[in-house]
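Heads up, the thing below is written out as structure tokens.
Throughout, read-outs are computed from the coordinates displayed, never taken from laboratory work. Not measured: the values here are computed from a predicted model. No Cβ is skipped: glycine too gets one built from the backbone with ideal geometry, and neighbour counts run over all protein chains shown.
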């Protein structure tokens, strides 16, 4: 039981398959909703015909959302089980709001995919699953919802769960669990359903608690991207978050992309005297030759360097109505580095819902399309593969004032 | 959590060319935010701190503000919508109007006067459903309008950093914290807090603001430990004592669309 960790997960799925209802149900059944809020919703004007409270109103707060009965933007809510704390990120199911879905999913460590048993796989089910896979979210729980409508029949569950299983196999994904639920009635969400004796697996809360938390990057080799350099009391303090490994006072470091060597004179944390810090900590350091360091520099250990390159193979999702035409100059931001870049080759343009290849060796890429591309940067930058250190294996592309694409380095 | 918040604070300071300001309402959240900002800059905050004073705050709040302005060597700007205060704006004239004039309008004037590009705010997602939809870096246009149906994508730790002219960005380093996280952190760090939060005569304030518009809750929690215990079991929401959150379903959305914090 002992864990007391913290897990962020995203709920995805096609519009109307019950994401917001499931979240409302999870919050109510884990006593996470203050009773004055429940009362507020019970008293709200729009009641459901069947007298159940509108759980979705617990997450759909915008008037536009309640009136159109859809979720527009992603929401983060909190609940706890005896084992650990959770943040649920609700992602909109409507195609118009895919950029919000991706914003939500990019913050998550795992995903819960919800599928309506009466409809099976739909367009956004596929798109969301594909995007999860693209964003590198490997752990997935599949909830087959609305079992109450099909009278809790096992064969209905089997048909849809097999359909999802088949689809996952095609895209190289693997779900940890397939769980028959009714979010509206609460079956197999926080408690075991008595109406589905044929199912002996975990309910949603049990399945979440059984997910193992990701390991930290502490045991890997040092990667410390510099965020900024402050002049304080005559010292130049380089600040940033250690993304992998450890920093120790006195250690020799190499500063990329230039490759200069230096050493750590002192670790700076306000009112703390530290000889050693680990991945995840926001710190400052004073180094031997502080003039050679700036935002975007990456400290590492000699012999264990990440990749320094100006050519990157990547998968990206385009998130702007204005597409991309090859050779357009664009800005690339990866960790704290920012450089001018070009997509020099679009090997494949892929439909993010059907995963069909729209075109090979393309010269353009459109909204919500996935691209397998090669990017060339004006100056060399420091990267890793996404599966080594996520923070240096993912990036966004910026055009003018806007983020227009997100991608990872496979 | 502390690490992520400090990362966000430093990111905004870099992206907005040091042209930033932090809003300090003297409540527990913005005081925690101020504490984190002090940490991010090793005790020497390189930008001003802004207090929007409605004239309706508790005496304890003013006293606390002036004490810690000195102790923490803050470059404090106090801004009031004098015109509205002189003309006698009160909550009785309508809360939407009063909040809009004394808080939102005052903030708008202050930002225009000093030309800040980014504003640090101590709001949290668990406070109110509307705030749960916020981004960490959230743009506002020159009229302060929050275009909540068309928010920019925010992937991983890459925040929107480029602005159209006349826009400003709200930066929310505490967005992922809960009320309980705040109190646990206050305890761990021994952060000084206005004593209105502690129970006196079986009442305490869970959320503080303008005197006429907040109500204390029944409580005997007179220490931080007792507050933490109380929050673990309470079924009453944090802002239940706040008038502007209720009234009608969408008042908070309306206030926020107009630029309310």
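How would you classify the range A:305-378 from its alpha-carbon gyration tensor, with a ≥ b ≥ c the square roots of the eigenvalues: rounded for a/c under 1.5, else prolate if a/b is greater than b/c, otherwise oblate? Don't jump to the answer; show the numbers that get you there.
Working: a/c = 1.87, a/b = 1.71, b/c = 1.09.
Since a/c reaches 1.5 and a/b is larger than b/c, the shape of the range A:305-378 is classed as prolate.
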Pairwise label distance in nanometres, residue A:361 with residue A:194, each label 7 Å out on the Cα-Cβ vector: 6.7
Acute angle (nearest 10 degrees) that the helix A:123-134 long axis makes with the longest principal axis of chain A, alpha-carbon atoms: 30
Three-way shape call for chain B based on the alpha-carbon gyration tensor, with the a/c threshold at 1.5: rounded
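Which whole number gives the average count of other chain Cβ atoms within 10 Å of the Cβ atoms across peptide B:32-42? Kindly include the intermediate steps, with their values, before the conclusion.
Details: counts 0, 0, 0, 1, 2, 0, 2, 5, 7, 6, 11.
What the average comes to for B:32-42 is 3.
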Prolate/oblate/rounded call for the range A:77-219, Cα gyration tensor, a/c under 1.5 rounded: oblate
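Give me the compactness ratio for chain A, meaning the Cα radius of gyration over 2.2 N^0.38 Å.
Working: Rg = 23.7 Å, N = 410, 2.2 N^0.38 = 21.6 Å.
Here the answer is 1.10, to two decimals.
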Rounded tilt (10° steps) of A:19-29 against the dominant C-alpha axis of chain A: 80
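Let me confirm one metric for peptide A:244-253, namely the mean number of other chain beta-carbon atoms within 10 Å of its residues' beta-carbons.
Numbers: counts 0, 0, 0, 0, 0, 0, 0, 0, 0, 0.
Taking all residues of A:244-253 together, the mean is 0.
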Angle in degrees between helix A:154-171 and the longest Cα principal axis of chain A, rounded to the nearest 10: 20
For chain A, share of DSSP beta bridges that run antiparallel, in % to the nearest 5: 80
